[in-house]
Amino acid sequence: MFQGGIWSKLQGYYKWYVLGLVSVGYILGELGHYLIGTTSKVTAEYLHYGDKACMLNATHLHVAQLPQVCEKVNSSDICESLTLNGTRYCEWGYSGLGLDYQVLAGPAFMAVFTVVGVIIGVFADKFNRARILSACTAVFVAAILLMGSVTEYWHLVVLRMLMAAGEAGCNPLATGILTDLFPEHQRALVLSIFNWGIYGGYGIAFPVGRYIPTLNAWGLSWRVCYYGAGVVGVVIAALTALTLREPERTTIGEEGATPSKGKDASLESGKKMPQVTIWHVIAQPRVLLLCLAASIRHCGGMCFAYNADLYYRDYFPDVDLGWWLFAVTVGIGSVGVVVGGVVSDKFVARMGVRSRVLVLALSQLISTLPAFGSVVFGPLWAMITLAFSYFFAEMWFGIVFAILVEIVPMSVRSTTVGVFLFVMNNVGGNLPILVDPVSKAIGYREAIMIFYAGFYGISSILFFLTMFLMDGPAPAEAQGGTQGGAPGGTQGGTRGAENRAFSHDESTLPAARIPRAGLPIDNSKL
């Protein structure tokens, strides 16, 4: 009776339980990823890494009251001699910045994350995804816990690499499991909820990294941030291992729509279709240019993610912006992602791939000027312009991958996306290391302007140039063919998008419908 009654009812909610479980796990992984950016100053003071600088140590004073701004002093002797009404207001210490920090935030994480992500993707196609996800969750949770106990800088580097290895599998594994659990009409919503973990973890890192260390609970200071996230992570890892089971794998998109046309699919007008390889696809100028533009845009986002808290602490030491940054990144960023997807899917897809790229270029162009404002202006207008910029800037992610899957053939689509992500994460995730030498040459603010706002503008230009390499709207005959009984048709008569691999194959490769809901998602984007 129990098996047939209560248990059968609970099974109907299982898929939603899985969504909640993997989403919380993803949030914790991203929190661990970005905590280093918000705790670096206090961490550097204990572990002695990075640059030293003159900093304000009197929280009750405002910069306007000071006879000389601490951050503009480059000598420890002068720094410690500055007084106001007989009281010293500056201190010389570790700022949390420097080459050591940039290596810790970027290359130490990204180098492992990208390589292990490809390896796990291969294993996920052959073995039990639920078990692999459980193991990955346990690995990054253990790394977060151990980061709270480090005593040397190199300990932190090694554990960042270990955390990257664990988190590398979370997104692709969870995305595959959720895709198999939920029907097609719910997949877009479900994957949007899951990928909100990027902004959830990143946004939560601001208040946690800013306010928890100042409480100095149990005398642990910044270590409490990692211990707290790790303890919650242990619970999630245990639930993942004990309750998550491998769902039945299902075909979606084109594969699900054409189960019996394997032989016919390779023939067109009595001729065998040309063999398409990954090398043919990635060698296309439009794919190369799209990848370059995405890598530049990703660099801008990662530069802001790794430096935002430290930058605003450095230039506005007397203003608490922690909750502002939390609201902008979690609230505005999440809305921007959803709006970008809606605009791309509901409107732009009806006008061809070229129009998708135009929206991509325009969104980044619109976000560029306010991005400069978020660096140039004072605290209030910096947050206002940041919110405006973030809304448009974060539209890019979903659109760029919708474009990618539309211009490559299904036979090498997953491999192409994997290579695309590998290049984008390595270039975009590691290039921010140049912030340190550039900041020493021309200033920290100027370096952030170049690699953050400037790279937004460069990416918009590159996206615009990419548009001219894309196909326009499909001919009326081809569009009509995908509406009716064609395998690529969808409910409601939505028009399919052309999916041609090469210009010289345009007469032989058929139009295809894109399985948007199941496309892979990247978890290090900001």
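At a 1.4 Å probe radius, which order do 439, 40 fall into by accessible area, largest first?
439, 40
Given a 1.4 Å probe, how much area per residue of the stretch 52-92 is accessible, in Å²?
Ligands and nucleic acids excluded, the result is 65 Å² per residue.
Residues with beta-carbon under 11 Å from that of residue 320, excluding residue 320: net charge, scoring Lys, Arg +1 and Asp, Glu -1?
+1
Using a 1.4 Å probe, how large is the accessible area of residue 126, given in Å² and rounded to the nearest 10?
Roughly 150 Å² of residue 126 is accessible to a 1.4 Å probe.
Can you give the accessible area of residue 234 in Å² (nearest 10), computed on protein heavy atoms with a 1.4 Å probe?
70
In Å², and per residue, what accessible area does the stretch 278-472 have when probed at 1.4 Å with the other protein chains present?
Accessible area per residue: 36 Å².
Quick one: with all protein chains in place, what share of the accessible area of the stretch 278-472 is carbon or sulfur, to the nearest percent (1.4 Å probe)?
Carbon plus sulfur share of accessible area: 79 percent.
Provide 332, 403 ordered by accessible surface of protein heavy atoms (probe 1.4 Å), highest first.
332, 403
Over the stretch 52-92, with every protein chain in place, what whole percent of the accessible area is carbon and sulfur at 1.4 Å, could you tell me?
45
What is the set of long-range amide H partners of residue 221 at a cut-off below 5 Å, with H atoms built 1.01 Å from backbone N?
Result for residue 221 returns 216.
Could you state how much accessible area residue 280 has, in square angstrom rounded to the nearest 10, with a 1.4 Å probe and all protein chains kept in place?
100
The values are calculated or read from the model by the stated rules, or taken from the named source; none is laboratory data. Just so it is clear, the model here is predicted, and its values are computed rather than measured. Neighbour counts run over all protein chains shown; Cβ positions are idealised from the backbone, glycine included. These accessible areas exclude ligands, DNA and RNA; they are computed on the full protein's heavy atoms, side chains included. Shrake-Rupley method; radii C 1.70, N 1.55, O 1.52, S 1.80 Å.
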